[in-house]
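A quick write-up on the structure given underneath.
Only the coordinates and a few stated rules stand behind these numbers; no lab work does. What you see is a predicted model, and the numbers here were worked out from it, not measured in a lab. Here the Cβ positions follow ideal geometry from the backbone for every residue, glycine too, while neighbour counts run over all protein chains shown.
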Amino acid sequence: MQFSGDRLPVYDSKKPLEENKDRFFEQQGEDRAMIIERDHNIALKIEKKNNQISELGSLLHDEWRAPRKQEDGTFEPRMKNTKDLVWSEKHGTEEVDIANTDYANLPEDWKGENKISAEVAMEEIYKAVESGQELDTAFIENASDVMHVKWLERNGSWAPAEQNKPYAELSEEEKEKDRVIIRKGIEIYEAAK
């Protein structure tokens, strides 16, 4: 049996076995309470991070579709087929207009790149904060490099030549695409404090 911290059940050989047993179970109850509290705090942190990932993914989707906005407030349609069976069953079709569907209502397979980019960005931000690193220009540059490496891992086989190279060799315009995601992630993180 493991106990939290360095605490071990205390056995006092001068006391009757029943008193030692009571002390053991009392301490075990305290350990359970600490474990429950720790697990609750971990669950809250995960939920907060997942909400931030969704918020950032939504923001990225909105930025992608913004140039498609028409005078009537709708977006120039972009029809795609989905493999998300749950979404298809709910909507009675495999076709989705990804431009006129907000992020939260997209099928999972069309949240794709935005969700993964948001996950990478928020992971880098959380790692930096937990290690005491400042979320400054140096962090943004390093995290943007990680964003690009992860993007190449997923997309390198088809990426255009101007993107299919190490971050340091990208044009400033291409680097800025990654930096924007990190900056927006920082804004979301800071707003949730």
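Which members of the stretch 33-82 meet the condition of being more than 23 Å from residue 191 (Cβ to Cβ), charged (D, E, K, R) and assigned to a helix (DSSP H, G or I)?
37, 38, 39, 68 - these are the residues of the stretch 33-82 that are more than 23 Å from residue 191 (Cβ to Cβ), charged (D, E, K, R) and assigned to a helix (DSSP H, G or I).
Can you name the residue in the stretch 30-76 that is among the small types (Gly, Ala, Ser) and free of Cβ contacts under 8 Å to residues at least 40 places away in the same chain and, of all such residues, is nearest to residue 179 (Cα to Cα)?
Of everything passing the filter in the stretch 30-76, 66 is nearest to residue 179 (Cα to Cα).
Consider residue 163 against the criteria (1) without any contact (Cβ under 8 Å) to a residue 24 or more places away in the chain; (2) exposed (fewer than 14 other Cβ atoms within 10 Å of the Cβ): it satisfies all of them except one. Which criterion is unmet?
Against the list (1) without any contact (Cβ under 8 Å) to a residue 24 or more places away in the chain; (2) exposed (fewer than 14 other Cβ atoms within 10 Å of the Cβ), residue 163 comes up short only on (2).
So, of the residues in the stretch 124-151 that are of a type in the set (Asp, Glu) and within 26 Å of residue 171 (Cβ to Cβ), which turns out to be surrounded by the fewest Cβ atoms within 10 Å (Cβ to Cβ)?
Initially, the stretch 124-151 is screened for residues of a type in the set (Asp, Glu), giving 124, 130, 134, 136, 141, 145.
Cutting the leftovers down to within 26 Å of residue 171 (Cβ to Cβ) gives us 124, 136, 141, 145.
Values: 124: 25, 136: 10, 141: 15, 145: 18.
Going through the qualifying residues, I end up with 136.
State all residues of the stretch 55-100 that are crowded, with 18+ Cβ neighbours inside 10 Å and of a type in the set (Gly, Ala, Ser); if no residue qualifies, say none.
57, 58, 99
Let's see how each residue does on (1) without any contact (Cβ under 8 Å) to a residue 12 or more places away in the chain; (2) of a type in the set (D, E, K, R):
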| position | (1), (2) |
| --- | --- |
| 89 | yes, yes |
| 109 | no, yes |
| 116 | no, no |
| 126 | no, no |
| 134 | yes, yes |
| 138 | yes, no |
| 146 | no, no |
| 153 | yes, yes |
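Please report, ordered by residue number, the helices (runs of 4 or more DSSP H) entirely within the stretch 83-193 with at least 1 residues that are within 15 Å of the chain's Cα centre (by Cα).
108-130, 137-155, 172-191
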